[in-house]
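Please read the structure below before turning to the comments.
Values quoted throughout were computed directly from the atomic coordinates according to the rules given, and no laboratory measurement underlies them. The model shown is predicted, which means the values in this text are computed figures rather than measured ones. Heads up, the Cβs are rebuilt from the backbone with ideal geometry, glycines too, and the neighbour counts pull from every protein chain shown.
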Amino acid sequence: MGFWNKVKEKAKGELIDIIEWIDQTDDTIVYRYERMGNEIKNGAKLTVRESQVAVFINEGELADVFPPGMYTLETSNLPILSTLKGWKYGFNSPFKAEVYFVSTKLFKNMKWGTPNVFYIRDQDFGRVSLRAFGTYTYKINDAAKFIREVSGTDGEFTTDEVSGELRSLIITRFIDSIGESKLSLLDFASSYKDLSDFCAKQLKSEFAEYGLDITKFLISSISLPDALQKKLDEGTGMNMLGDMNKYQQMKSADAMESAAKNPGLGGGMEGMMGMAMMQQMMNQNNNNQQQQQQQQQQYAPPPPPPVQFYASVNGQQMGPLGYQQLQQMVQQNQITRQTLMWKSGMAGWIPAGQVPELANFFGAVPPPPPPM
C-alpha cells in the first residue's frame, strides 16, 4: 500500500464517529447528543441500546427514527434525511442533523395527589370533601410524537418537566371517575383496585396524545375530613361495644386515665372535672341496674295457679277446694285424716293424712277424747 493510500485510510478512520447515549439517570426522558456544529461524518456508527430510540431532526424537521441496534449512517439507512437533503448521488461529506435519544423504559412510582379537597355527594353522609393520593407508571411508546408535542428541542428533558401536566390529567380524570362510580363512601376502601383499573383505562387515550402509555395506575388512599373520620371511628367503637351506656363509660374512663397521667389534674378545675366524670359513671351504673331490674320484672313469668283438691265426703265429691277452705273443714271435722283426697297429678285417691301439703293441718287438731 502506497504512502498516500495509508494517509487516506488513516484519515478515513479518523472521520468515523460513534454516536451513543449511556443513560446514568433515573429521570431523563430525552437527551440531545451534543457535537460541534451538529456535523455527522459519513459512515458514522450509531448505537441505540435497549429501552432507547434515536430520532434525527434536520433543520427543525423530524427525519429518521432508529429502534435499538447498531447502524452505519449512510444514504441507504437514512432515507427520510436523504430525501430532505435532496442528495441524489449519496453524500461523502459531513452532514448536519440533531440526534435525540429517547428513553422508552418504564418510569415507575410517579406520585400524584389532589392538591386541594374535592367534593362528592354521598348517599349516607351527603356532601363530603375528600383528598386522594397514589402512584402511576408510564413509558414512551411514540418517540416522534413526544418530541413534537412535549419536549421539543429541549436538550435534556426529565420527568419533572412533564409530571405537572400528567398530574393535572390524572386528577381531573380521577374525580370524574369517582363521580361516575356512584360508590358509597364506606365502599371506597374495598374498591381501590376497581377504581384504579377504571381510571387507567380512561387515561390511556389522554396519555396517548403525548406519545405516552400509562401502564399502571394505583390509588394509595382516599382520606376523609378529620371531623367525619372521628365520627366514623366513634361509631365503630360504639358498634363494637354494642351499648351506648358502655360506650359513654369507656369515653369517661379514657378521659380519667388521661387526667391521671397528667400531674396537673390533682386539684382545681381539672380535679373537679375528674370527680364529675366519676359521679356521672356511678349515676349511670345505678340507672343501668334499675333499668335491668325493671326489665326483669316486666318479663317475669306469671305465678303458678293455686293448688286445688277434691275430697270424698259421705260418698260425695266436693271441690275444688283451696288451702283456706280445707283448713276450715279440717277444723270443723268435716275432713279427717282418713278422708280420701285427690288433686291433679295424683295417680288416685289417698287419705288426707298422707298428703304432704295437708299433713300440717291435722297436727293442730287434737285427737278425739278417750271414752268415759
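A few notes on this one:
- In a DSSP loop and with at most 16 other Cβ atoms within 10 Å, the trypsin sites (Lys or Arg not before Pro) in segment 133-182 are K182.
- Summarising the label geometry, the points placed 7 Å from Cα in the beta-carbon direction at S163 and E180 lie 2.7 nm from one another.
- Extension gain, K105 back to S312 (0.36 nm per residue minus Cα-Cα distance, nm): 63.4 nm
- Each of I18 and D187 was given a label point 7 Å from its Cα along the Cα-to-Cβ line. The distance between the two points is 6.1 nm.
- Separation of the Q334 and Q294 label points, Cα + 7 Å toward Cβ, nm: 4.8
- FRET efficiency, R131 to S205 (Cβ-Cβ, R0 25 Å, nearest 0.05): 0.45
- Mean Cβ count within 10 Å, highest first, over the residues of peptides 343-356, 101-114, 150-163, 119-132: 101-114, 150-163, 119-132, 343-356
- Karplus-derived 3J(HN,Hα) values for segment 108-114, using 6.51 cos²θ - 1.76 cosθ + 1.60 with θ = phi - 60°, are 9, 6, 7, 8, 9, x, 7 Hz; glycine and proline are entered as x.
- Per-residue Karplus couplings for segment 333-340, computed as 6.51 cos²θ - 1.76 cosθ + 1.60 with θ equal to phi - 60°, are listed in order as 6, 7, 10, 10, 4, 8, 5, 6 Hz, Gly and Pro entered as x.
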